[in-house]
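K.L.:
Submitted below is the structure of interest, expressed as structure tokens.
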Amino acid sequence: MSEPADTRDLMPGPGPVSLYVHVPFCVLKCAYCDFHSAPLPAEPGIADHFAWAVAEGAAHWAALGALDDVVSIYVGGGTPTTLGESLVTLLDGIRDCARVRAGAEVTVESNPDTTDPATAARLVASGVTRFSLGVQSFDDEVLRTLGRCHDAARAARAATELASTGAHLSLDLMCGVPGQTLASWRDTLERAIATGAGHVSVYPLAVEHGTVLADRLASGAIGEPDPDLAAEMMALAEALLGEAGLARYEVASYARAGERAVHNSGYWTGRPYLGIGPSAASMVSAETFAAAVRCEAWGDPGVAGIGRTVTELPDGAARVRFTRSADTVAFLRKPVGPPEDVEFLTAPEAAAEDAMLGLRLAEGITDRLAEEAGACEALAGLAAQGLVEHAGGRWRVTPAGWLLGNEVFAAVWNAGARRGLA
Ligand code: SF4
């Protein structure tokens with residue numbers, strides 16, 4: 001699996017695309033989760049029905065020529081492995097209509113409680129190359145706070161089971177959890193390293209409005225997360241994972257050589273992506289979007305919810321981001337339909353977006369992209385604060401800047417976005 005050696009300017013041309021599938025089912029709702037997910041309805045055949053709906057969605061984009069060169073597929077959610085064997089059917093349905101590049105990365109997200117060795121082996125036999133396992137912690141107390149429905153022992157077993165399939169393995173870990181100590185975090189990192197996983201993602205806990213965790217914090221049932229401790233934990237992750245050969249290549253991502261996530265790297269380098277499933281997001285060229293708007297399946301005229309027809313695409317729109325509604329029943333009834341939210345970006349705005357996302361990567365961005373994004377002045381200001389540095393014709397975020405990532409990314413985006421659509 002080749003690594004993206006650079007950002008946007010070295011990525012392939014407009015043809016290659018990534019495909020994301022959102023599976024909105026989970027065993028239980030975690031306390032911190034605000035993703036579109038709910039328990040799989042106890043309806044006979046529902047998993048196969050969902051697989052059929054995804055195949056319909058893929059066939060729609062394939063008919064428009066948008067899936068002629070698929071470089072990565074990522075089945076996320078939710079917990080895709082709640083679908084069991086129907087997940088194999090889902091992937092077969094995509095392959096039947098899309099042109100998936102030889103050697104494409106095909107990732108399936110799994111959780112310890114739904115990891116089944118026999119299904120995992122079947123998935124690998126049908127082309128899955130990588131599993132992303134939601135471990136979060138190897139500390140049972142932390143897992144309880146997060147409302148996860150597995151314990152640390154089950155997580156370790158699931159990692160072993162997935163690794164034994166021969167597929168690449170990535171683990172998701174979470175730090176900054178109320179009650180989590182530095183010693184507990186160190187133990188989690190060490191146990192994650194011991195699994196032999198080639199990729200680890202580390203996220204500081206974000207408390208989202210409306211979640212069980214937010215309510216428990218508001219009621220005082222648990223203490224507030226400590227941002228300084230979370231920053232210390234991120235630094236410890238970088239040190240321990242780095243020593244173990246997992247180099248930090250993105251704000252939250254660590255990989256051994258050859259193990260960078262191809263799919264996720266596309267999000268940081270401006271590669272178009274199509275999302276299928278309720279709440280799935282897509283980002284394509286204005287031309288691809290216009291072709292979809294013209295098709296009957298999206299209705300006539302234009303796109304519901306935004307009141308525009310194709311002839312009314314804003315002048316200068318170069319890129320379009322859009323999201324399907326977070327309505328699983330509607331998706332199962334009508335897998336192909338207009339998106340709910342649509343955002344048009346001009347070429348300078350698209351460049352600003354690529355610059356902002358490219359700065360998440362250790363390689364940073366080129367002078368040329370910074371210029372296209374109109375972000376040179378903002379970057380110089382950030383450099384004066386020690387948050388970015390400039391060397392060898394590239395702008396990179398410093399370790400101090402990564403700790404204040406949102407500030408850095410917002411400054412770059414705001415600089416470019418000022419030159420957006422009138
Ligand atoms: S497993 Fe993931 S998607 Fe499902 S409820 Fe938990 S955090 Fe949300």
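K.L.:
Please count how many residues of region 32-63 are within 20 Å of the chain's Cα centre (by Cα) and aliphatic (A, V, I, L, M).
P.N.:
Qualifying residue count for the region: 3.
K.L.:
So is residue 51 away from the ligand (no atom under 11 Å from the Cβ) and in a loop (DSSP other than H, G, I, E, B) or not?
P.N.:
For residue 51, the condition - away from the ligand (no atom under 11 Å from the Cβ) and in a loop (DSSP other than H, G, I, E, B) - is not met.
K.L.:
Moving on to the next point. Does region 134-141 contain any residue that is more than 16 Å from the ligand (Cβ to nearest atom), under 23 Å from the mean Cα position of the chain (by Cα) and either surrounded by fewer than 17 Cβ atoms within 10 Å (Cβ to Cβ) or hydroxyl-bearing (Ser, Thr, Tyr) (or both)?
P.N.:
For region 134-141, residues more than 16 Å from the ligand (Cβ to nearest atom), under 23 Å from the mean Cα position of the chain (by Cα) and either surrounded by fewer than 17 Cβ atoms within 10 Å (Cβ to Cβ) or hydroxyl-bearing (Ser, Thr, Tyr) (or both): absent.
K.L.:
Let me ask something additional. Going residue by residue through region 215-227, is there one that turns out to be within 22 Å of the chain's Cα centre (by Cα) and either surrounded by fewer than 19 Cβ atoms within 10 Å (Cβ to Cβ) or within 16 Å of the ligand (Cβ to nearest atom) (or both)?
P.N.:
no
K.L.:
Residue by residue through region 212-229, note down the ones that are touching a residue at least 24 places away in the same chain (Cβ under 8 Å) and either under 17 Å from residue 144 (Cβ atoms) or not assigned by TED's automatic domain parsing to the domain that holds residue 148 (or both).
P.N.:
Once the filter is applied, which keeps residues that are touching a residue at least 24 places away in the same chain (Cβ under 8 Å) and either under 17 Å from residue 144 (Cβ atoms) or not assigned by TED's automatic domain parsing to the domain that holds residue 148 (or both), region 212-229 yields 212, 213, 216, 217, 222, 223, 225.
K.L.:
Right, next: Identify all residues within region 152-188 that are small (Gly, Ala, Ser), more than 25 Å from the chain's Cα centre (by Cα) and closer than 16 Å to residue 200 by Cβ; write none if there are none. If you could, list the steps in order and put the result at the bottom.
P.N.:
Initial filter on region 152-188 (small (Gly, Ala, Ser)): 152-153, 155-156, 158-159, 163-164, 166-167, 170, 176, 179, 183-184.
Within this subset, residues satisfying the condition of being more than 25 Å from the chain's Cα centre (by Cα) are 153, 179, 183-184.
Selection gives nothing.
K.L.:
Looking at this structure, is residue 76 within 16 Å of the ligand (Cβ to nearest atom) and open to solvent by less than 10 Å² (accessible area, probe 1.4 Å)?
P.N.:
Yes; evaluated as a whole, the condition is true for this residue.
K.L.:
A further question on this structure: Could we say that residue 69 is open to solvent by 10 Å² or more (accessible area, probe 1.4 Å), in contact with a helix residue (DSSP H, G or I) (Cβ under 8 Å, 6 or more places away or on another chain) and charged (D, E, K, R) here?
P.N.:
Judged against the criteria, residue 69 is not a match.
K.L.:
Considering only region 56-170, give the helices (runs of 4 or more DSSP H) lying wholly within it that have at least 1 residues that are in contact (Cβ under 8 Å) with a residue 60 or more places away in the chain.
P.N.:
So the answer is 86-97, 140-146.
K.L.:
Residue 45 versus (1) touching a Phe, Trp or Tyr at 6+ places or on another chain (Cβ under 9 Å); (2) farther than 16 Å from residue 326 by Cβ; (3) more than 14 Å from the ligand (Cβ to nearest atom): which is the lone unmet condition?
P.N.:
(1)
K.L.:
Residue 7 - would you say it is surrounded by 22 or more Cβ atoms within 10 Å (Cβ to Cβ), at pLDDT below 95 and not basic (Lys, Arg)?
P.N.:
yes
Okay, residues lined up against (1) modelled with pLDDT under 95; (2) over 20 Å from residue 267 (Cα atoms):
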site	(1), (2)
22	no, no
38	yes, yes
49	no, yes
63	yes, yes
75	no, no
91	no, yes
105	no, no
111	no, yes
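K.L.:
Which ones in region 157-181 are open to solvent by less than 60 Å² (accessible area, probe 1.4 Å) and farther than 21 Å from residue 107 by Cβ?
P.N.:
Listed by number, the residues that qualify are 175, 176, 177, 178, 180.
K.L.:
Which pairs turn up if I take residues in region 376-387 that are part of a helix (DSSP H, G or I) and look for partners that are among the aromatic types (Phe, Trp, Tyr) and modelled with pLDDT of 95 or more with beta carbon separation below 6 Å, at least 6 apart in sequence or on another chain?
P.N.:
Pairs that qualify, where the first residue is part of a helix (DSSP H, G or I) and the partner is among the aromatic types (Phe, Trp, Tyr) and modelled with pLDDT of 95 or more, are 379/395.
K.L.:
Quick check on residue 338: is it of a type outside the set (Asp, Glu), in contact with a Gly (Cβ under 7 Å, 6 or more places away or on another chain) and either assigned to a loop (DSSP other than H, G, I, E, B) or surrounded by fewer than 23 Cβ atoms within 10 Å (Cβ to Cβ) (or both)?
P.N.:
Values: of a type outside the set (Asp, Glu): yes; in contact with a Gly (Cβ under 7 Å, 6 or more places away or on another chain): yes; either assigned to a loop (DSSP other than H, G, I, E, B) or surrounded by fewer than 23 Cβ atoms within 10 Å (Cβ to Cβ) (or both): yes.
Judged against the criteria, residue 338 is a match.
K.L.:
Now for a separate question. Run residue 183 past the list (1) within 15 Å of the ligand (Cβ to nearest atom); (2) farther than 21 Å from residue 80 by Cβ; (3) of a type in the set (A, V, I, L, M) and report the number of the one that doesn't hold.
P.N.:
Exception for residue 183: condition (1).
K.L.:
Does region 22-31 contain at least one residue that is more than 15 Å from the ligand (Cβ to nearest atom) and either open to solvent by less than 40 Å² (accessible area, probe 1.4 Å) or over 21 Å from residue 289 (Cβ atoms) (or both)?
P.N.:
No, there is no match, as no residue in region 22-31 is more than 15 Å from the ligand (Cβ to nearest atom) and either open to solvent by less than 40 Å² (accessible area, probe 1.4 Å) or over 21 Å from residue 289 (Cβ atoms) (or both).
K.L.:
Next question. With the checklist (1) open to solvent by 10 Å² or more (accessible area, probe 1.4 Å); (2) more than 24 Å from residue 72 (Cα to Cα) in hand, flag the one item residue 129 doesn't pass.
P.N.:
Here residue 129 meets the rest and fails (2).
K.L.:
Report, by residue number, each residue of region 146-156 that is within 13 Å of the ligand (Cβ to nearest atom) and either open to solvent by 10 Å² or more (accessible area, probe 1.4 Å) or outside the structural domain of residue 113 (by TED's automatic domain parsing) (or both).
P.N.:
147, 148, 149, 150
K.L.:
Based on what the data block shows, is residue 107 within 16 Å of the ligand (Cβ to nearest atom) and open to solvent by 20 Å² or more (accessible area, probe 1.4 Å)? Break it down into steps so the answer makes sense when it comes.
P.N.:
On the way: within 16 Å of the ligand (Cβ to nearest atom): yes; open to solvent by 20 Å² or more (accessible area, probe 1.4 Å): no.
Judged against the criteria, residue 107 is not a match.
The values are calculated or read from the model by the stated rules, or taken from the named source; none is laboratory data. From a predicted model like this one, the values you see are computed outputs, not experimental measurements. We place every Cβ from the backbone using ideal geometry, glycine too, and count neighbours over all the protein chains shown. Side chains are part of the model used for accessible areas, which takes the heavy atoms of the whole protein and leaves out ligands, DNA and RNA. Shrake-Rupley method; radii C 1.70, N 1.55, O 1.52, S 1.80 Å.
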